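Asker: Sharing a structure with you now.
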Amino acid sequence: MKKQTKLLLGTTALVASAVALNIRNRKQAPLDTVPNVDLKRYAGRWYEISKIPQYFEKGCHCVYAEYTLNPEGYVEVNNACHKGSPSGKLDVAKGKAFPIEGSHNSKLKVQFFWPFKGDYWILELDPDYRYALVGSPDRKSLWILSRTPTLDSAVYDLMVQQAKSKGFPVERLCLTDQSCYT
């Protein structure tokens, strides 16, 4: 095949992919978050009940996040998990979360490695701050969190239904092994 033909085919494929991605993204409704989050109440330990798998959590068991409100207005984040097995080495990733102006603390940008930041949007939150549904606006990241290592199955099912209604691929959710704590 001639070099010019290969270049034309490659360019056509790239343009077609970009158009398809753009059409797919336009079909998703805007993602609503909770109206307001009190970061002082949100601070503390949250256990991961389930998630859409992410590369950075591969091999993690007994996952939790510890959030501490910093006086400068950001949240210190310590994500921890046991690598390989529930008795494996504790691995802790330290980062910072910055509330997005105008979101009333329901949308944050989380940074573990400068200059990269990820979306952390609080989509559902129990009035007593006992459990939460957190995700990203592209719907590729989703976590169901609880203040305890386990969550009542009726509450879990409700959170899954809420995620599904928001357009998340809930069939990809995986329960997190929290056997270290139970």
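Asker: Positive end of the charge dipole of segment 81-171 (Lys, Arg +1 and Asp, Glu -1 on Cβ, about the Cα centre): tell me which of A93, H104, T150 has its Cα farthest that way.
Answerer: A93
Asker: Name the trypsin sites (Lys or Arg not before Pro) in segment 42-120 that are in a loop by DSSP and that have at most 14 other C-beta atoms within 10 Å, would you?
Answerer: K58, K89
Asker: Over segment 20-99, consider all pairs of different Cα atoms and compute the Kirkwood hydrodynamic radius from their mean reciprocal separation; express it in Å, one decimal.
Answerer: 15.1
Asker: Enumerate by residue number the chymotrypsin sites (Phe, Trp or Tyr not before Pro) in segment 54-127 meeting two conditions: DSSP loop (anything except H, G, I, E, B), and at most 11 other Cβ atoms within 10 Å of the site's Cβ. It would help to have the intermediate numbers written out before the result.
Answerer: On the way: sites: Y55, F56, Y64, Y67, Y74, F112, F113, F116, Y120, W121; in loops: Y74.
Filter output for segment 54-127: empty list.
Asker: Could you run the Karplus curve 6.51 cos²θ - 1.76 cosθ + 1.60 with θ = phi - 60° over segment 93-109 and give me ³J(HN,Hα) per residue in whole Hz, x for Gly and Pro?
Answerer: 10, 9, x, 9, 10, 10, x, 7, 4, x, 8, 6, 6, 8, 10, 10, 10
Asker: Oh, and also: Treating the angle as unsigned and between 0 and 90°, give the value, to the nearest 10°, between the Cα long axis of helix 153-165 and the longest Cα principal axis of the chain.
Answerer: Once rounded, the angle reads 30 degrees.
Asker: Report, in degrees rounded to the nearest 10, the 0 to 90 angle that the Cα long axis of helix 3-27 makes with the longest principal axis of the chain.
Answerer: The angle comes out at about 40 degrees.
Asker: ³J(HN,Hα) across segment 114-129 via Karplus (A = 6.51, B = -1.76, C = 1.60, θ = phi - 60°), whole Hz, x for Gly/Pro?
Answerer: Each residue's phi maps through the Karplus curve to give 5, x, 7, 10, x, 7, 9, 10, 8, 8, 9, 8, 4, x, 9, 6 Hz.
Asker: Shifting gears a bit: What per residue convex hull volume, in Å³, do the alpha-carbon atoms of segment 133-172 yield?
Answerer: Output value, Cα hull per residue: 68 Å³.
Asker: Also, I was wondering about something else. Projected onto the charge dipole of the chain (+1 at Lys/Arg Cβ, -1 at Asp/Glu Cβ, origin at the Cα centre), which of F113, C60, Q162 gives the Cα projection farthest towards the positive end?
Answerer: After comparing all options, I get F113.
Asker: Which ordering of C174, C60 is given by a fewest-first count of other beta-carbon atoms within 10 Å? It would help to have the intermediate numbers written out before the result.
Answerer: Details: C174 10, C60 21.
Fewest to most other Cβ atoms nearby, the residues stand as C174, C60.
Asker: Amide H to amide H, which residues 5 or more places from L108 or on other chains are under 5 Å from it, using H placed in the peptide plane?
Answerer: The list, which skips near neighbours in sequence, is I100, Y120, W121, I122.
Asker: Continuing with this model, one more query. May I ask you to evaluate 6.51 cos²θ - 1.76 cosθ + 1.60, the Karplus curve with θ = phi - 60°, for each residue of segment 59-68 and list the ³J(HN,Hα) values in order in whole Hz, giving x for glycine and proline?
Answerer: In residue order, the calculated couplings are x, 8, 10, 6, 8, 8, 10, 10, 10, 10 Hz.
Asker: If you don't mind, there's one more thing I want to ask. Using modelled backbone amide H atoms (1.01 Å from N, in-plane), which distant-in-sequence or interchain residues come within less than 5 Å of Q178's amide H?
Answerer: Residues meeting the amide H criterion: C62.
Asker: Grab the eigenvalues of the alpha-carbon gyration tensor for the chain, scale each by 5, take roots, and send me the semi-axes largest first in whole angstrom.
Answerer: 32, 20, 18
Asker: With contacts defined as alpha carbon pairs under 8 Å and 6 or more residues apart, what's the relative contact order of the chain in percent?
Answerer: Over the chain, the number comes to 23 percent.
Asker: About the Cα centre of the chain, how large is the charge dipole given +1 on each Lys and Arg Cβ and -1 on each Asp and Glu Cβ? Please answer in debye to the nearest 20.
Answerer: 1060
Asker: How much mean residue ellipticity at 222 nm does the chain get from its helices, if each DSSP H run of length 4 or more adds -39500 (n - 2.57) and you divide by all residues, to the nearest 500 deg cm²/dmol? The partial results should precede the final answer.
Answerer: Working: 3 runs with 42 residues, N = 182.
Taken over the chain, the calculation gives -7500 deg cm²/dmol.
Coordinate-derived values only; no laboratory data. Not measured: the values here are computed from a predicted model. Note that we place each Cβ from the backbone using ideal geometry, even for glycine, and neighbour counts take in every protein chain shown.
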